[in-house]
Structures are given as structure tokens and as C-alpha cells.
Amino acid sequence: MRSPMMTELAALDPARELRAPGRPDDAALAAILDAPRSGARARRSGRPAVLAGAAAAAVVAVAGVATVWWSGPTTAYASWTAVPATLTAAETADRAASCDPVAHAVTEGADGPRVETVPISPVLAEQRGDYTYVLLTGDSATGECLVTTQASGATDVVTGDAVLAHVPAAPGPRELTTLQAGTASWSEGDTGDGALTSAYGRVGADVESVTLTLTSGERVEATVQDGWWAVWAPGATALRDTAELTFSDGATAEADVVAR
């Protein structure tokens, strides 16, 4: 005897009225076989984990009851905080010691391609959870370096990059300039914890703090130090393109965070 639940499940089967497939008098099968074929190709999704989870959650077992578990993607940079920790000069130097002190670039010379190198040194460091972001600059070069702290206290470079680029002079006292704002390309590889958004630039002498907003609506404090500012957040597009500046006299203003 079939239970009431199984009877209800059987009623949901869209093929319950069809005869066994393959019979000559199976009109439904004949209609399927006679239907025109589409030449469209299925495209691979860029988010297979999400689609796989949604499909698994939609499984209905007609012949029985199945339970599907899907925990979703793991959260990268789980220890990240919206307010950075203050680092001493010694801590900054210790974290930055793991970063590459030279920016490299291949340039075209009179005798063909050559490797150009520019020394860079840290101007700012900020710690958020288990990660320390270090900004390095030199003559016509900038570099970013993300360092993680092990339980033993040792540091490992997670990833980073340094490029030859124009480094502008300090802006006006109440101004902010942006050198980078967007997905950090060096964070999108197979190593590390996934893509992140970074932004950095220079600030005027009267700027005491820079506050940005995540695309989720959460406010995040940037680090301001020695005329530079920087911030990073998990995700490829994590930051909105405006910032609130707070000046030494307590006044505030809004500034665009767009690399030029």
C-alpha cells in the first residue's frame, strides 16, 4: 500500500501519463524526435559553485525522499575588519621586510627589450585581521604587498605586485588623489584567498581620515599616513567610488575615488 505522501509525489510527476518510451504508438516520443534541433551552445557559467548549489537544492526525488546539503562557498578573508589595527614603526618594518623592495618592468630600449628596476620602500601599512597590506613607493614606481601572520608569529607574503608608474606630488591641503581603485589584479590568481579590491593614493596635509563605503553599505576606514592613504576589502568590486574626508578642523567633504 502506498503512503499518502508518495501518492502526492507521484501526482507531481509530469510524465505520469506517458506510456513506456520507445513504443511505436508513443505520440509524445514521436513529437520529441520530430522537433527541430537548436544549434545554440550552452555557455559555461562563471560561478559553478553557486549554480551547483542551486541545482542541488532543487532536486526532488519522485521514487523516494532525498536530503541535499550545500554549505555554499567558503568566505575568503574571514578575519578582515572594517577598522584597521594600528601598527608600530617596528611592526610595519617587520611586515614590509617580506615584500619585494624592487619594482620591475620590461621596457623597449635602443638595443631591444630590457628589464628596468626601481627601488621601492614602505610608506604605509595597515592590518585587518590576519592580513597586513603594505603600500610601497619609489621614484616613478608603486607596489602593493599582502602579508599574512602565522600562529608562530612568522610572516608569509600572500601575493603582491610592483609596477612602474607616475607618482604625483602631494595634492592641495584638503584634496585626495587616487592612483589605484578597483580589483587588485595580482589577487585573482589560483594562490591566496581570492580577489580583493584595493585603493590608494595621496592626501593633503589637512586630511585626517578617509572613510569609504563597501558595495554592501558598510563603512570602512582607510589608513592615512605621511600624506598617503590606502584601503583594501575582500571581493573583486568591494568599494564604492566616493570617500568622505575629515579635516583637522572637524569639517568633512566628499571626494571621488577614481584612478586617473
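The values are calculated or read from the model by the stated rules, or taken from the named source; none is laboratory data. Worth saying up front: this structure is predicted, and the values here are computed from it rather than measured. Backbone-built Cβ (ideal geometry, glycine too); neighbour counts: all protein chains shown. Just so you know, the surface numbers come from the protein's heavy atoms only, side chains and all, with ligands and any DNA or RNA stripped out. Shrake-Rupley method; radii C 1.70, N 1.55, O 1.52, S 1.80 Å.
As a rough guide to protection, the peptides 241-247, 82-88 ranked by mean Cβ packing within 10 Å, highest first, stand as 241-247, 82-88.
I want the local charge near Val106. Using Cβ-Cβ distances under 15 Å, sum +1 for each Lys or Arg and -1 for each Asp or Glu among the other residues.
Summing Lys and Arg as +1 and Asp and Glu as -1 gives -3.
Subtracting the Cα-Cα distance of Ala97 and Arg219 from 0.36 nm times their residue separation leaves 40.9 nm of extension gain. Among Thr149, Thr215, the sequence by solvent-accessible area, most first, with a 1.4 Å probe is Thr215, Thr149. For Trp228, the amide hydrogen comes within under 5 Å of the amide hydrogens of Val203, counting only partners 5 or more places away or on other chains and with H modelled in the peptide plane. Stretching Thr88 away from Ala169 to a fully extended chain increases their span by 26.6 nm, per 0.36 nm per residue minus the current alpha-carbon distance. For the peptides 167-179, 134-146, 114-126, the ranking by mean Cβ contacts within 10 Å, running from highest to lowest, is 134-146, 114-126, 167-179.
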